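Read-outs throughout are calculated quantities, based only on the coordinates presented, and are distinct from any laboratory measurement. These numbers come from a predicted model, not from an experiment. Reconstructed Cβ throughout: ideal geometry from the backbone, glycine too, with neighbour counts over all protein chains shown.
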């Protein structure tokens with residue numbers, strides 16, 4: 001099974017996705033960062049895979065996830081998150097004991113989980129996993145106050161692709177077309 005971080009990125013930033021209700025997303029778009037009623041005390045999950053985000057939010061059709069945001073964050077922040085992460089579940093292939101994993105899970109502000117990657121029609125891509133990164137505590141504060149460089153409303157793109165799937169039309173252009181492997185050799189342990 002292939003676990004690889006794929007994303008849109010440049011020398012400074014990496015694009016992640018989140019979907020929220022308009023009451024959270026619209027103030028964030030206006031402010032260029034998350035503001036109330038966004039709750040800093042809750043874990044927030046970021047996803048570099050556009051297709052996986054589409055699966056999670058149903059192309060922006062699921063209640064509470066009607067506005068899909070593309071968020072450009074610093075690579076430095078993204079890599080801080082990976083360096084301060086614990087896997088969300090213990091695996092048989094892990095080099096850490098179950099006790100070591102539990103201790104890491106309790107002490108680190110970031111969770112990483114791998115879910116089946118999706119294609120543009122939201123079908124499972126066999127043997128490929130997409131990363132989700134859960135930020136809590138210090139990680140959320142850094143994300144909101146330091147890492148975010150730009151927030152873009154990508155809901156129109158999400159809905160266009162969803163409409164094409166529903167109508168069985170050819171695949172439109174998608175942000176997923178621009179994703180490429182992220183150089184994360186230092187975080188290979190997350191791919192166990």
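Counting alpha carbon pairs within less than 8 Å and at least 6 residues apart, what relative contact order, in whole percent, applies to the chain?
RCO, the chain: 34 percent.
Calculate the spin-label point distance for residue 11 paired with residue 36, positioning each point 7 Å from the Cα along the beta-carbon direction, and give it in nanometres.
4.1
Give me the distance between the Cα centres of the range 1-66 and the range 163-180, rounded to whole Å.
18
Based only on the alpha carbon positions, what is the Kirkwood hydrodynamic radius of the chain, in angstrom? Mind showing how you got there, number by number?
Numbers: mean 1/r = 0.0585 Å⁻¹.
One over the average 1/r among Cα pairs gives 17.1 Å for the chain.
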